[in-house]
Structure formats: C-alpha cells, structure tokens
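The values are calculated or read from the model by the stated rules, or taken from the named source; none is laboratory data. Everything numeric in this text was worked out from a predicted model, so none of it was measured. Every residue, glycine as well, gets a Cβ built from its backbone with ideal geometry; the counts of neighbours run over all protein chains shown. Remember, those area values only see protein heavy atoms, side chains included, never the ligands or the DNA or RNA. Shrake-Rupley method; radii C 1.70, N 1.55, O 1.52, S 1.80 Å.
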Protein chains: 2
Amino acid sequence: MNIKIIFNVIGFLLILTGLLMLPGIPFSIYYKDDDIISLLISSLITIITGVALWFFTKDADKSNLGKREGYLIVTLGWIFMSAFGSIPFLIHGSIPSFTDAFFETMSGFTTTGATIIGDIEKLPSGLLFWRSMTQWIGGMGIIVLSLAIMPLLGIGGMQLFSAEVPGITKDKFHPRVKETAKRLWGIYVIFTAAEVLFLVIGGLSLFDAINHSFTTMATGGFSTKNASTAYYDSIFVQYVFIFFMFLAGTNFSLHYFALHGNFEVFKKNTEFKLYVSFLIGATLIVMFIHRPHHNFSFEESFRQTLFHVTSLVTTTGFVSSDYENWAPFSRIVFFVLLFIGGCTGSTGGGIKFARHSLMLKNSWLEFKRLIHPRAIIPVRFNEKAVSQEIISNVQAFFMIYILIFIIGALILSLSGLDFFTAIGASATCLGNVGPGLGVVGPVGNFSTLPDFDKWVLSVFMLIGRLEIFTVLVMLSPSFWKK
Amino acid sequence: MNIKIIFNVIGFLLILTGLLMLPGIPFSIYYKDDDIISLLISSLITIITGVALWFFTKDADKSNLGKREGYLIVTLGWIFMSAFGSIPFLIHGSIPSFTDAFFETMSGFTTTGATIIGDIEKLPSGLLFWRSMTQWIGGMGIIVLSLAIMPLLGIGGMQLFSAEVPGITKDKFHPRVKETAKRLWGIYVIFTAAEVLFLVIGGLSLFDAINHSFTTMATGGFSTKNASTAYYDSIFVQYVFIFFMFLAGTNFSLHYFALHGNFEVFKKNTEFKLYVSFLIGATLIVMFIHRPHHNFSFEESFRQTLFHVTSLVTTTGFVSSDYENWAPFSRIVFFVLLFIGGCTGSTGGGIKFARHSLMLKNSWLEFKRLIHPRAIIPVRFNEKAVSQEIISNVQAFFMIYILIFIIGALILSLSGLDFFTAIGASATCLGNVGPGLGVVGPVGNFSTLPDFDKWVLSVFMLIGRLEIFTVLVMLSPSFWKK
C-alpha cells in the first residue's frame, strides 16, 4: 500500500476545503454577522494541516497509484473533509458538540441534507454559506467520482456507460480524466448560476438564491430557512426548484452532449427514459390517490406531488409541505421513494435508476428463460447486451443495500427509536435523501437522536454516497493482502 | 396447450378434496356437532364435480403433458381446491361470505394461517378438522400426494413436481417421482403421528392434538383455540411445538436420509447449517435485547423468544404471546423474519434459506471480485460450485418478491389500511406466515379488511406458496406462444 500518496492527496483536499470556507465571509460582512473570525481560524487550521500533510508526503511515488489506494483516498478524503469541515461550527459555538457538527458536515459533503439544527435561521450567514458549500462541493465531487474515477476502480453504476462517457478507459488514470472533470464542473457551474438567476427573478435574496442553488444542484437539500423550501410559496419558485432538482438528478454526461447540441442521447438512454417515466408515473399515481384527501386545487395538488416525488427520487430532500399527514398510501409511496435514487452520473444518491432498470429487466427475462431454458437471453441496456458480471454486481449491490438498511434500522431501534423513525432514518441516510419518517420526518430533524445513532448514520451517509463497495471493500480480507 | 389433461387432473384433485372433507365427521359425531350434513353435502358436490370433470376429459392425451400444462395444473388446481374447499363453511353458515370462506381455505391450502374467524372456538369440530386438514394437505402438496397415489400421471409427474415444489435444489432422492412423493408423504405422516403422541402426553385432547399436529407439520399455524397456542401454558407442550415447527421447516429429504441412519447430510448441508445458526442467533439477539424490557425468567424469555423466532422463520405463525408490545427492536426483527422462510423442500414458505445463503455468499464474493477482477470466483453451496444461471434466478426471485410485497402494501393502503397493517398483511401473506403487524398482528385477524383486500391477499398467498414463478410465468407472453 502506498500510504504516502494517499495522505498527499488528502493534504491537497484539505487545502481546498480550507480555501472554500472563505467565500461566505463577504456575506457575513454584509449582514454584520459574528462568524468571520471563526471562519478565518477554521480555514487557517485546515489549510495548515493540509499543507503539512502535503509537505511531509511530497516525495510520494505518484506513478504507483492503484485501485486500493483509490478506494482509500476516496473514503478517507470524505472523512477528513467532514472532520475539518465541522471546525467552523465548533469554533463559532453554534453547534457545540463534535458529534453534531460532524454529522451536519458529513450530511453536507454526502449531499444528504439531514440536519441536527433546530433553528437554522439563527445561524450567521457565513456558516450557512459554508453549510451549503459543503453540499455543493460534495455534489461536484460525486459527479467527478462517478463519471471519471469510480469506473476505473471497477465500481459504480457508470460502468454501464463507460463507452459513452468521454475520458473513461478501464485500465488506469487516463490523462483525459482531467479533461472530463473540467467539463463536468463547467456544466455544474453553469446550471448553478442559471438557478441563482431564476431564483433571484423569483424574489429570493442573492444570498438565499446562491445557497439554495448550491443545495439543489447537489441534490443536497440543506435550506437557509426552518421551513425548508416550503418558506417560498411562489408557484414560480417552486417550479424552478422542481426543474433544477430534475436536472441535478440526470446523468451529467447527457447534459454534456445536450449542451453540444446532441439531444438524441436523451432518447437513446434507457436510464433517463425510466427516470422521466417514473417521475411522471409516481406523481400521477400519488396525485390521483392523494387528491381526494385534501382540498387542493388541481394545480396545487400536481405541484406539491411532483415537488415531493422529484425531491425524494433525486435524493434532494427539499420539503414543500408536511407529507407525513397525507394518506397512508402516499406515506408508503414516499417511504419507497427513499430507495429509488437519481440517475448514475448525477449528483443524486440511492440505488439509482440504471440498477433498478437492470434488475427489473433481468427479473422479467427470468420468466422467458423459464419457458426457454436452453436459450441465452441477455439483458439489453442502451441497446447493448449487458454482461452477466454486471448484472451480478448490481444485484449484489441491491442485496447489500437492503441488508445495511435493515441492520441500520435494528441498530437505531436498539437505542429506543420507534419503528417509523428507525426505518426512516436508516433509509434516508443510506440513500442520501435527508428527511425520513416520524421524528426525523419532513418537519422534524435529527437533533434528538442519541450520539451513537448520529455516528452510525454518519457512516451510513458515507457508505451510501460512495456506492457501498468503495467503503465496504475494505472489510474484505483480500483488500489488505499483498 | 393440452386443456383436456389439465382438467382431467383437476377433476382427480377435486375427488381427493371431497374425500378429505369426511375424516372430521367422527369428531362431529363424538362432540355432537351440527356440521355433519354440511360436510356430507359439500363432499358430495366436490366429488361429483370432480368425477364429471374427470369423466368428460378422460380421453385426454396423457403423453402430452409439458411444462406449460404443469404450471397451469398446479395454479388452477390450488384455486379450484380452495373454491370447493370453502363450501363446507358456506353451507354450514359459520362463514357466510364466499370471499371470507375462500380466503380462509386458500390460507389453509397455502399453509399461511391468516384467518378471518374472530371466535374460532365457536366452530363445530368437523369444520375445524377440515380447516386443519386443508393445511396438512397443502403442507406436503396435493400434487405430491396425487403423484404418490395416482398411476396416470407417471409420465408428466416431474413437470408437476417441479411446478409445485419449485425450490432451487432439485434433490429428488429417487429417480422416480412417484417413489419420491411416496417417501415424502411417509415421513410427513410419521412426524405428524409423533407430534400427536407428544401433544396427547402433554395433556391435549386427541382432537386438539391432531389439529395442531396437522398445522404444525404444515407450518400452517391454524389453531382450534382463539388464543392460538398461547392457550397451552404447559412448558412441555410449548417445547413440543418448537421442536416440530423446527422439523417442519427442515428439508424433508434430509429427514429421509436421517431416518435411514445417515446423519452426515445435516452436517454437509449449507442451508440446514444456516437455518440452525440463524434460529439460534436471532433468538439470542432478541432475547438479549428484549429481556430487560420484561420481567420474564431466563427460561421463559428464552422459550418465548425461541418460540416466536421459530414460528415466524418457519412461516408457521403460531403465537405464544403478543409480541407486538415488545421493544421496538424486537418488532423490527419480527417484521424482518416475515421475509426469511424455512428451508427448501420443507413445508415452509417465504424466500427460504437456500436463496438467502446464495445471495449473501454472492454479495460477499463481489468484494473479492472487485479486487481480483480477472479471477472467476464461483459461489459454493453444499460443497459444489453454483452456476451463474441459478444465482441470477435466485436474485430475480428476490427482486420480484420485494416488488410484489411493495405493490401489495400500496394496494392495501389504498383501501385505507394504516402503514403497519398494510406492510404486515402484504409480507405475511406473501410469505405464508399468518400473523402480521397492527390490525392483522398476533392478536388480531383479517376479518375487518375490505373484501377487495382479501382477494388480493388470497392471490398473494398462492403466489408465495407456489414460489412466484409458477403463477407469474403465465403473465409472460412467451407462455402463451406456441
């Protein structure tokens, strides 16, 4: 194991983290908030640690970066960034407990959006900005990881697209990865800027617009308001959120092609078609069932339903009303939605449509295989046959995902959480969604959970965000063998 | 499609069904009950219909019995038997609604044990006996019974055997299906007789002993008492139930070898080892967690927990106390147990240990495969490598199972059932367990559910009992193509 290169990269990530704590300071100055010193000190601590790590490992053998090092860099990187990212909250004192601050920052970097803060509006603007920034960085990070790096490690749903995405070759870190990463960041920045513009037009302050755009494009779901996006009752603003959540949940390589005038890719992409059909289908079904239970107008019923379906499916977790008191049917639907996830190569978490699609197709073909036992009937995805290895990997992913969810629910219930809260918290953190059921439902938060549970859920957020294998592969003895 | 042979066999099944309504009559005479005429008339109607069907199709081409016919015979056979099996309840008037009577009989034949009867003790003994009999027949499988005694079906026997006992380990221990079927029934009868003996020693009346032995060995769970087996507070009787539930949840081919002195098979059988470890593990975990919440003695805590774990895992569904007011942790465990199921080749329903074992092993190997992408690492089961086709089939089974469970919960919640009741009813009927959560929990019953839900759940019981593919393959267009 090349330990030096691992800490060299982590050092660099910390320098970056430290620098990104600073852009919120102008807002603190403008709003006359008391968090400027805290941010400066935190930034300094983080940058100095980063520089030190980087300096002491600068003789690392950079040509010797294998798969194992890749897994370790990604996992440890996220943990280090969350640990250092929680310093501003601690120094300022607005989140005095390290457990809470770590949970909040991990929830940020993993774009989960689960929060332990009861009164968000009390936070100074610099800290709020940093909190949204963690999501924006996390969102960006995951796109680059899933499109450019995970396929090289042999994991992630993007293996399916390897032929389509520029810059991905199976064997080693290709020089074009850098090019890919740059392009994806470009799209990310453009979309974020566009959302800021629309939100400002919709009446949000520049500060709120930037914060919400950060957390929308990351499918994160942190808000600067206690009522989350339900604070904004403008119909226009709500549709803007829906539209950009939808974009954020889409594979960014499709956006890349679209921005270059090739819209055909959307039509040919199996996952995207399933994504759109599912959003429409789930919205219509819930709306149809849910509507008689409320006195909403047709448009309001449609908008509220589409909002929540999009928010949960893309794993954003914005809330526009308390869906927990909707009909039992809608509650079960919303719980199931915690297990869907966006498209691969998007900023969304969860199981993701490519996997669902492959599993459904494979299950359906099993009937055909039963009747024609001698025929070889492969699953087709994006008009190509998918190998049995990938199917097997996807199904293993699903099994482990469900297993972790169950173990999580059991561990949480051990500390006395009720059935609903336990299954909701486990599902929503693993899926990087944000709100769950019961105590941690759309109008609740995670503050009252025991510290132990917060640590468990922090690990769950990381496992979910890094698509399980990246983290859990380290539990395999083969990982540590020479 | 050879329609004639299908109805020829169904005719024979109905004759058998009609005959099996009669053995309860001596008890009705002894207890001076009022259901003798109802049973005689029902038996007559069923037998006459059976003879008519059989007579009008006796020129069927018996050499032409393929897979498709096999699936249809089994699925339709169970539906016809449940329809005719509900006649005694209807004629006697103790279950006046056809929906309820059909649900109860389907719950019997599928060995689910879900009941719509509030006051079971009011039923006359002949009907109670018939109710337990439906489970006993369903446990070993009526087709298997037919194969053992019906000479005609020799040629297509395997098609029927594999459609009714779909499993994944096709360990016929005799080349001739008829011989296998006979031996299986032999063991089944011996075990049932042994349990009757033990229960009579434990103080049960002969009538109660036979009824409960029928429903234990079938992993059915119907009781003649309103309080289910909690009625018997004898420690000895409770351990007898635990022991025979355990036997019933074991692969019967292992019992066959054991009865011939070969006990090695238990040690070599991957599934059996997992079954035993899981029962012990789950019991210890629940006991450890659950105990501080109650003032049970160590022995009582152990017995109650082992009882419920065994009852739910083997899909029997006997109840020895209301576990719904145990700690949240135990409730989640018990809910998860609805998805376990006994061993393949047992009378238990559910997903079954062989499948869980294969999926867990395959998922675990996925980590190894990630690190050694070029190595071919097969799953090993019973010391043999398992083909990718079987793994794929098992994973498809799991996916479809979960999907049907979710669809079921959604359909049930549509009719206004609460979250708990909806997920509990869907899981317990699909898994052929019996009790669920909430309204349909261990001390509740299914009587208050809307008729529509009862039909849905009847279908679910059948789908679960015939291991999904046997029933659902008919939805595939390929099934109906020439």
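The set of residues in segment A:318-335 that are polar (S, T, N, Q) and part of a helix (DSSP H, G or I) comprises A:Asn325, A:Ser330.
Scanning segment B:458-482 for residues that are at the interface with chain A (Cβ under 9 Å from one of its Cβ atoms) and either on the phi > 0 side of the Ramachandran plot or not in a helix (DSSP H, G or I) (or both) gives B:Ser476, B:Lys481.
Within segment A:330-343, take every residue that is under 18 Å from A:Leu284 (Cα atoms) and open to solvent by 10 Å² or more (accessible area, probe 1.4 Å) and give me the one that is farthest from the other protein chains (Cβ to nearest Cβ). Restricting to residues being under 18 Å from A:Leu284 (Cα atoms) and open to solvent by 10 Å² or more (accessible area, probe 1.4 Å), the top hit is A:Ile340.
The residue of segment B:51-74 that is most open to solvent (accessible area, probe 1.4 Å), among those that are hydroxyl-bearing (Ser, Thr, Tyr) and more than 14 Å from every other protein chain (Cβ to nearest Cβ), is B:Ser63. As a summary of the residue check, A:Thr315 satisfies the conditions (1) in contact with a Gly (Cβ under 8 Å, 6 or more places away or on another chain); (2) assigned to a helix (DSSP H, G or I); (3) closer than 28 Å to A:Lys361 by Cα except for the one numbered (2).
Being within 22 Å of the chain's Cα centre (by Cα) and not acidic (Asp, Glu) is the requirement here; does B:Lys352 meet it?
Working: within 22 Å of the chain's Cα centre (by Cα): yes; not acidic (Asp, Glu): yes.
Yes; evaluated as a whole, the condition is true for this residue.
Would it be correct to say that A:Phe334 is in contact (Cβ under 8 Å) with a residue 12 or more places away in the chain and more than 16 Å from A:Ser277 (Cα to Cα)? Spelling it out, A:Phe334 is indeed in contact (Cβ under 8 Å) with a residue 12 or more places away in the chain and more than 16 Å from A:Ser277 (Cα to Cα). With respect to the conditions (1) open to solvent by 20 Å² or more (accessible area, probe 1.4 Å); (2) β-branched (Val, Ile, Thr); (3) modelled with pLDDT of 65 or more; (4) in a loop (DSSP other than H, G, I, E, B), B:Thr219 lacks only one, and its number is (1).
Using the structure shown, decide if B:Leu284 is crowded, with 23+ Cβ neighbours inside 10 Å, part of a helix (DSSP H, G or I) and of a type outside the set (Val, Ile, Thr). It would help to see each step written out before you state the result.
Details: crowded, with 23+ Cβ neighbours inside 10 Å: no; part of a helix (DSSP H, G or I): yes; of a type outside the set (Val, Ile, Thr): yes.
So B:Leu284 does not fit the description; no.
Checking segment B:54-70 against the condition returns no match, with no residue being at pLDDT 95 or above and part of a helix (DSSP H, G or I). Note on segment A:418-457: residues that are in a loop (DSSP other than H, G, I, E, B) and under 27 Å from A:Thr344 (Cα atoms) total 9.
The lone criterion from (1) away from every other protein chain (no Cβ under 12 Å); (2) in contact with a strand residue (DSSP E or B) (Cβ under 9 Å, 6 or more places away or on another chain) left unmet by B:Ser311 is number (2). Can you confirm whether segment A:372-392 contains a residue that is in contact with a Gly (Cβ under 7 Å, 6 or more places away or on another chain), within 30 Å of B:His372 (Cβ to Cβ) and either in a loop (DSSP other than H, G, I, E, B) or within 14 Å of chain B (Cβ to nearest Cβ) (or both)? No: segment A:372-392 contains no residue that is in contact with a Gly (Cβ under 7 Å, 6 or more places away or on another chain), within 30 Å of B:His372 (Cβ to Cβ) and either in a loop (DSSP other than H, G, I, E, B) or within 14 Å of chain B (Cβ to nearest Cβ) (or both). Of all the criteria given as (1) open to solvent by 10 Å² or more (accessible area, probe 1.4 Å); (2) at negative phi, the one not satisfied by B:Gly261 is (2). As a summary of the residue check, A:Ile116 satisfies the conditions (1) modelled with pLDDT of 70 or more; (2) in contact with a His (Cβ under 8 Å, 6 or more places away or on another chain) except for the one numbered (2). If you go through segment B:393-416 and pick out every residue that is more than 8 Å from chain A (Cβ to nearest Cβ) and open to solvent by 10 Å² or more (accessible area, probe 1.4 Å), you end up with 5. Does segment B:244-257 include one or more residues that are at pLDDT 95 or above and either over 13 Å from B:Cys343 (Cβ atoms) or surrounded by fewer than 17 Cβ atoms within 10 Å (Cβ to Cβ) (or both)? Yes, segment B:244-257 contains a residue that is at pLDDT 95 or above and either over 13 Å from B:Cys343 (Cβ atoms) or surrounded by fewer than 17 Cβ atoms within 10 Å (Cβ to Cβ) (or both).
For segment A:417-449, which residues satisfy the criterion of being open to solvent by 30 Å² or more (accessible area, probe 1.4 Å), under 19 Å from A:Ala227 (Cα atoms) and of a type in the set (A, V, I, L, M, F, W, C)?
Within segment A:417-449, A:Val439, A:Val443 qualify.
Of all residues in segment A:450-457, at least one satisfies being within 19 Å of B:Ser330 (Cα to Cα) and either within 12 Å of another protein chain (Cβ to nearest Cβ) or buried (at least 24 other Cβ atoms within 10 Å of the Cβ) (or both). Pick from segment A:345-371 the residues that are open to solvent by 50 Å² or more (accessible area, probe 1.4 Å) and of a type outside the set (A, V, I, L, M, F, W, C): which of them is nearest to the other protein chains (Cβ to nearest Cβ)? Among those residues, the one meeting the criterion is A:Lys368.
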